[in-house]
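S.K.: Let me begin by handing over the structure; questions about it come next.
The values are calculated or read from the model by the stated rules, or taken from the named source; none is laboratory data. Being a predicted model, the structure only gives us computed values, none of them experimental. When we count neighbours, we look across all protein chains shown, and the Cβ atoms used for this are built from the backbone with ideal geometry, even at glycine. Protein only, heavy atoms only, side chains kept; ligands, DNA and RNA dropped before computing areas. Shrake-Rupley method; radii C 1.70, N 1.55, O 1.52, S 1.80 Å.
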Amino acid sequence: MRCERHPPPWSKARAAYIYDDGSRDLILSLKYADRTENAGVLARQMLRAGDDILATADMLVPVPVHWRRLMQRRYNQAVLLARTVGKLSNTPMLVDALRRPHATSRLAGFSPGERAKEMHDAITVKASRIKELKNRHVVVVDDILTTGATAAACTRALLDAGAASVALLAAARTIPLDSEDIDRPEDSWR
């Protein structure tokens, strides 16, 4: 309901799963426990959930991680998901289109407003990729769509760089709490 009253910057969003115990185990073990084979399981379901947005996509762009976090984890789970979705859908991936020039805090436990503040100017487009993004229909790939702060930051950067449209494809989507005020504009989308 909030999306209808206060539209986010992306055109469409799809998620393979609701973020619950089952999807949480698949995603968190991919993200933190080196269970990279889970990317295949998740990507197959993402392909099914996002078939309409993938049909018109020119390219997939994974949500970036800061280089320090990449050194800790040794891989970016969004890249693994995007690579597998790309192979299954024959959609090219532009792995380095987006950058995270400064480290951000882990957003778990942050309110929507805190997430939006943390993500302000946290995502940029790599200058050498702007020509490839111009007038393209881009699908941003991530593991979890929570408040939309990260997705909004990615979307704004891509649209500012000239992308024709930006859609989102996530492995899972959290469900807003019943206590959330649907009339309050989502802080993270501004």
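S.K.: What tally of residues in segment 126-143 results from selecting those that are buried (at least 21 other Cβ atoms within 10 Å of the Cβ) and assigned to a strand (DSSP E or B)?
M.R.: The number of residues fulfilling the criteria is 6.
S.K.: Same structure again: What is the number of the single condition among (1) closer than 19 Å to residue 144 by Cα; (2) surrounded by fewer than 18 Cβ atoms within 10 Å (Cβ to Cβ) that residue 87 does not meet?
M.R.: The single condition residue 87 does not satisfy is (1).
S.K.: Out of the helices (runs of 4 or more DSSP H) lying entirely within segment 11-70, which hold 2 or more residues that are aliphatic (A, V, I, L, M) and open to solvent by 30 Å² or more (accessible area, probe 1.4 Å)?
M.R.: Numbers: elements: 21-32, 38-49, 51-55.
Qualifying helices (runs of 4 or more DSSP H): 21-32, 38-49.
S.K.: Something else: Cβ-Cβ distance below 9 Å, separation of 6 or more or different chains: which pairs start in segment 31-47 with a residue that is on the phi > 0 side of the Ramachandran plot and end on one that is in a helix (DSSP H, G or I) and not small (Gly, Ala, Ser)?
M.R.: Qualifying pairs under 9 Å: 34/73.
S.K.: Can I ask one more? Could you please let me know if residue 146 is open to solvent by 10 Å² or more (accessible area, probe 1.4 Å), under 16 Å from the mean Cα position of the chain (by Cα) and of a type in the set (Ser, Thr, Tyr)?
M.R.: Numbers: open to solvent by 10 Å² or more (accessible area, probe 1.4 Å): yes; under 16 Å from the mean Cα position of the chain (by Cα): yes; of a type in the set (Ser, Thr, Tyr): yes.
So residue 146 fits the description; yes.
S.K.: If residue 140 meets every condition in (1) closer than 14 Å to residue 64 by Cβ; (2) in contact with an Asp or Glu (Cβ under 7 Å, 6 or more places away or on another chain) apart from one, which number is that one?
M.R.: All conditions pass for residue 140, except number (2).
S.K.: Starting from segment 141-162, keep only residues that are on the phi > 0 side of the Ramachandran plot, then list their pairs with residues that are assigned to a helix (DSSP H, G or I) and hydroxyl-bearing (Ser, Thr, Tyr) whose Cβ atoms are within a distance under 6 Å, requiring at least 6 positions of separation or different chains.
M.R.: Note: pairs meeting the criteria are 148/188.
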